[in-house]
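Values quoted throughout were computed directly from the atomic coordinates according to the rules given, and no laboratory measurement underlies them. These figures come from a predicted structure and were not determined experimentally. When we count neighbours, we look across all protein chains shown, and the Cβ atoms used for this are built from the backbone with ideal geometry, even at glycine.
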Amino acid sequence: MAGSDPTAAPDTVKILIAGGFGVGKTTMVGSVSEIAPLRTEEPLTVAGLGVDDLVGIEEKRATTVALDFGRITIGDDLVLYLFGTPGQQRFWFMWNDLAVGALGAVVLMDVRRPQASFAAVDFFERRGIPFVVGVNGFHGQHPYPPEDVRDALALPEHVPVLLCDARERESCRDVLIALIDRLIATV
């Protein structure tokens, strides 16, 4: 950390917010960012019919095509740069570039569609990037306890699973703090 020098710049940490299509990544970055987030959302079009799986997210009208970016200051000496990944499979090639320099990740999961999170879990496990799972309770609903989610995703005990609501700043902040705690524990 920057230490006790009041003139020192804060340490910055690159964090990815990842998960499948429509799990709430853009919403999470936007709700927790202290700056107006950069978004690369485009409307869903007929070109995506038959390609994008909208089951359970029929109301979705736009999608991230490159990344979302936000920033949150955790303390006087720590700033997180948040990079939301695109969720559609045809944009997954970008995850490799976005992961360069990332110290950790939040895998956001929608309990209505847990299979949308499998690829993100695999991605970070294969690369050895520490992550936590944020179970996004759409409409405030959390029908499954964290232990059931852990079992469904076949996660080891050291990976925190937290219930959250991507629309609520405090909820998202708590998930990010759990990730920072995990990163500190791995040092």
Calculate the spin-label point distance for Met94 paired with Arg182, positioning each point 7 Å from the Cα along the beta-carbon direction, and give it in nanometres.
2.3
Over region 93-170, how many percent of alpha carbon pairs lie in each 5 Å bin up to the one with the longest distance?
3, 15, 28, 24, 17, 11, 3, 0
Would you mind checking which residues have amide H under 5 Å from Ile17's amide H? H placed 1.01 Å from N; only 5 or more apart, or other chain.
Phe83, Gly84, Thr85, Val106
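Please identify every one of the GluC sites (Glu not before Pro) in region 145-187 that sits in a loop by DSSP and has no more than 13 other beta carbons within 10 Å of its own beta carbon. Show your work: numbers first, answer last.
Values: sites: Glu147, Glu157, Glu168, Glu170; in loops: Glu157, Glu168.
When the GluC sites (Glu not before Pro) of region 145-187 are filtered for loop state and at most 13 Cβ neighbours within 10 Å, Glu157 remain.
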Neighbour-count order for Asp110, Asp181, fewest beta carbons within 10 angstrom listed first
Asp181, Asp110
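Of Val187, Val135, how do they rank once you tally other Cβ atoms within 10 Å and put the fewest first? Don't skip to the end; give the middle numbers.
Working: Val187 4, Val135 27.
Arranged by neighbour count, lowest to highest, Val187, Val135 become Val187, Val135.
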Hey, can you grab everything whose amide H is under 5 Å from the amide H of Ile74? Only 5+ residues off in sequence or another chain; H modelled, so Pro and N-termini drop out.
Val79, Leu80
